[in-house]
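We did not get these values from a lab; they are worked out from the coordinates using the rules stated. Bear in mind that the values here come from a model prediction, so they are computed numbers and not experimental data. Cβ: placed from backbone, ideal geometry, glycine included. Neighbour counts: every protein chain shown.
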Amino acid sequence: MPNIKSAKKRVRVSARQNAENVQKKSRVKNAIKKYNAAIAAKDLELAEKLLPETVSVIDKARYDGVYADNTCSRKVATISRALSNLKAELGK
């Protein structure tokens, strides 16, 4: 446990920031799970509606520094590819 006042504050700040980052990561994971559930159910209309919302959540996490740029790009590309594959499968 730190003894210096600034070190004690640093511990408190780090704990708060860590909690915020955990929430943001959870928000991204939940959005992706919801989107993937729509893809698995072959619900094209819902998937098309959820794509911009999911990308927005991922981009906010990128902006806040929770994820690196390439990680976010990979996540967006993966979910976009899933929608393209679903459209091709359904013939639309």
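For the chain, what is the relative contact order in percent, using Cα pairs closer than 8 Å and at least 6 residues apart in sequence? Computed over the chain, the figure is 28 percent. Here the range 75-92 is scanned for amide nitrogen atoms under 19 Å from the site 7 Å beyond the Cα of L44 along Cα-to-Cβ, giving 79-92.
Pairs K5/K60; K42/K75; K34/K92: which exceed 27 Å Cα-Cα?
Values: K5/K60 33 Å; K42/K75 20 Å; K34/K92 22 Å.
Check vs 27 Å cut-off fails for K5/K60.
The range 1-70 and the range 72-92 have their alpha-carbon centroids 21 Å apart.
Take the Cα of N18, step 7 Å toward its Cβ, do the same at K5, and the gap between the two points is 2.5 nm.
Under the rule of -39500 (n - 2.57) per DSSP H run of 4 or more residues, summed and divided by the residues of the chain, what mean residue ellipticity at 222 nm is obtained, to the nearest 500 deg cm²/dmol? Before the final figure, lay out each step's value.
Values: 3 runs with 78 residues, N = 92.
Result for the chain: -30000 deg cm²/dmol, rounded to the nearest 500.
Using the Karplus relation 6.51 cos²θ - 1.76 cosθ + 1.60 with θ = phi - 60°, the per-residue 3J(HN,Hα) values for the range 44-52 come to 5, 4, 5, 5, 5, 6, 7, 4, x Hz, with x marking Gly and Pro.
The three principal axes of the Cα atoms in the chain give end-to-end lengths of 66, 22, 16 Å, sorted in falling order.
Using the Karplus relation 6.51 cos²θ - 1.76 cosθ + 1.60 with θ = phi - 60°, the per-residue 3J(HN,Hα) values for the range 17-27 come to 5, 5, 4, 5, 5, 4, 5, 5, 5, 5, 4 Hz, with x marking Gly and Pro. Across the cross-link table entries K8/K33; K25/K49; K29/K49; K33/K87, which are compared at the Cα atoms, the separations over 27 Å belong to K8/K33.
The distance between label points at N36 and D64 comes to 2.1 nm (points 7 Å beyond Cα on the Cα→Cβ vector).
Amide H to amide H distances under 5 Å link Y67 with R62, where only residues 5 or more positions off or on other chains count and H is placed in the peptide plane.
GNM remark for the chain: springs join alpha carbons under 10 Å apart, and the peak mean-square fluctuation among R81, R62, R27 falls on R81.
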